[in-house]
Structures are given as structure tokens and as C-alpha cells.
Ligand SMILES: Nc1ncnc2c1ncn2[C@@H]1O[C@H](COP(=O)(O)OP(=O)(O)O)[C@@H](O)[C@H]1O
Ligand SMILES: [Mg+2]
């Protein structure tokens, strides 16, 4: 099966996938390769198997499950959704510690894939390797908007984000002289 992404073509085999970037998108290839390599110690990203620079190809683990957008569309169970969001909060926290800003958390619908064992995040080709921009605030804003909380709890959200920023920097420097 072949899926056409905005920047690539993804060929799905029985137990891996091959993402081939469009010819002029070397920097997208490089970003995804760097992010997947940096994050390979975590099981919330597809494990990178191989990358071929001159063909702009990344071979990686096939992620199976249901996209978040389908769960959101079909579930009226707020508690269930909140449990999923809570796991994504943890993933965003780790991404912030690792200094990989995925962006796109304001539209997390197709990049979060859920099955009965794991939640995985795909598509890192637009990420920024930097520590200034944070995933968690962006995803928290999405969740607050999603539950229509944004207006009433804007100040709470801002304070919580400031608290998290301190936590993230504390974890980042943990163990370093
Ligand atoms: N590791 C993977 N496992 C399973 N399906 C994948 C994987 N990576 C991508 N896909 C599928 O291919 C589609 C396009 O991939 P994506 O990384 O979003 O491409 P692009 O960056 O070009 O938009 C995804 O929406 C998903 O359906
Ligand atoms: Mg992409």
C-alpha cells in the first residue's frame, strides 16, 4: 500500500515502511532522520531501521493502530480521551526535555496512532531541533480549546505552562555539572 504525504510517499510493507521524500526536501529528510535517531530509546516513535541519504529514504518500523482523529470523531467518552491526552502530555514533556519541537500539536489528528498497547507519534520531518520552542504548551492549548476551557482557564493555563517550563529546564540540567 502507498500513502501520499505532503512531503513524501510512504510505502507500507508487512512489517516496516519506507518513507521517500520528494527530491528537493533534503532538509525534511534530515530532520526526520535526526529526530528518529535521537528518540530511538523511546517506544513512542517508530524505530528507525535504516536511512539512505542519496535516495532520501527512511526505512522504519510500521506503526499499526487508529489515528487520533478517528477516536475523537467516534468517542463520546471524555474520560477515555482524557486518558489518551494524559499519555500525550508525557510524550510532549519528553520531547521538550530532548529539545525536539515537533510543531503541529495544534492539529495532532493524523500523527498520533493508538492501539491497545501503545500510543505512537509519527512524522517528524518538520520538527525543529531546539530547546526554545515547547511541545507541551502547544498541545495543552489544543486540549484546553478542545474541551472549551480556554476562555475560562486561560490564566490557569498560562501559570501551568510557566510551572512546566521550570520543570523541563530542571530535568534538562539534572545530573549535569
Ligand atoms: N511508520 C509508519 N507506520 C505506518 N504508517 C505510516 C508510518 N509513517 C507514515 N505512515 C503513513 O503515511 C502517511 C504519510 O506519512 P507522513 O509521515 O505524515 O508524510 P508527510 O510528512 O509527507 O506528510 C501517514 O498519515 C500514515 O498513514
Ligand atoms: Mg510531515
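Regarding segment 47-57, can at least one residue be identified that is more than 16 Å from ligand 1 (Cβ to nearest atom) and under 24 Å from residue 172 (Cβ atoms)? No: zero hits.
In the set 10, 17, only one residue is more than 15 Å from residue 54 (Cβ to Cβ), at pLDDT 95 or above, more than 13 Å from ligand 2 (Cβ to nearest atom) and assigned by TED's automatic domain parsing to the domain that holds residue 56; that residue is 17.
State whether one or more residues within segment 23-33 are under 28 Å from residue 164 (Cβ atoms), in contact (Cβ under 8 Å) with a residue 40 or more places away in the chain and surrounded by 14 or more Cβ atoms within 10 Å (Cβ to Cβ). The answer is yes, given that some residue of segment 23-33 is under 28 Å from residue 164 (Cβ atoms), in contact (Cβ under 8 Å) with a residue 40 or more places away in the chain and surrounded by 14 or more Cβ atoms within 10 Å (Cβ to Cβ).
One line per residue, one yes/no per condition, for (1) loosely packed, with under 13 Cβ neighbours inside 10 Å; (2) under 12 Å from the mean Cα position of the chain (by Cα); (3) under 29 Å from residue 21 (Cβ atoms):
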position: 79; (1), (2), (3): yes, no, no
position: 84; (1), (2), (3): no, no, no
position: 88; (1), (2), (3): no, yes, yes
position: 101; (1), (2), (3): no, yes, yes
position: 115; (1), (2), (3): yes, no, yes
position: 118; (1), (2), (3): no, no, yes
position: 133; (1), (2), (3): no, no, yes
position: 148; (1), (2), (3): yes, no, no
position: 151; (1), (2), (3): yes, no, no
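With respect to (1) within 16 Å of ligand 2 (Cβ to nearest atom); (2) in the same structural domain as residue 149 (by TED's automatic domain parsing), the lone exception for residue 97 is condition (1). Kindly indicate whether any position in segment 25-39 is more than 19 Å from the chain's Cα centre (by Cα), within 15 Å of ligand 2 (Cβ to nearest atom) and outside the structural domain of residue 120 (by TED's automatic domain parsing). There is at least one residue in segment 25-39 that is more than 19 Å from the chain's Cα centre (by Cα), within 15 Å of ligand 2 (Cβ to nearest atom) and outside the structural domain of residue 120 (by TED's automatic domain parsing). State all residues of segment 131-162 that are under 18 Å from residue 87 (Cβ atoms), touching a helix residue (DSSP H, G or I) at 6+ places or on another chain (Cβ under 6 Å), part of a helix (DSSP H, G or I) and touching a residue at least 24 places away in the same chain (Cβ under 8 Å); if no residue qualifies, say none. Hits for segment 131-162 are 135, 136, 137, 139, 143. Residues in segment 49-77 that are surrounded by 13 or more Cβ atoms within 10 Å (Cβ to Cβ), without any contact (Cβ under 8 Å) to a residue 24 or more places away in the chain and under 24 Å from residue 116 (Cβ atoms): 70 only.
The values are calculated or read from the model by the stated rules, or taken from the named source; none is laboratory data. None of these values were measured; they are calculated from a predicted model. All Cβ positions, glycine included, derive from the backbone under ideal geometry; neighbour counts span all protein chains shown.
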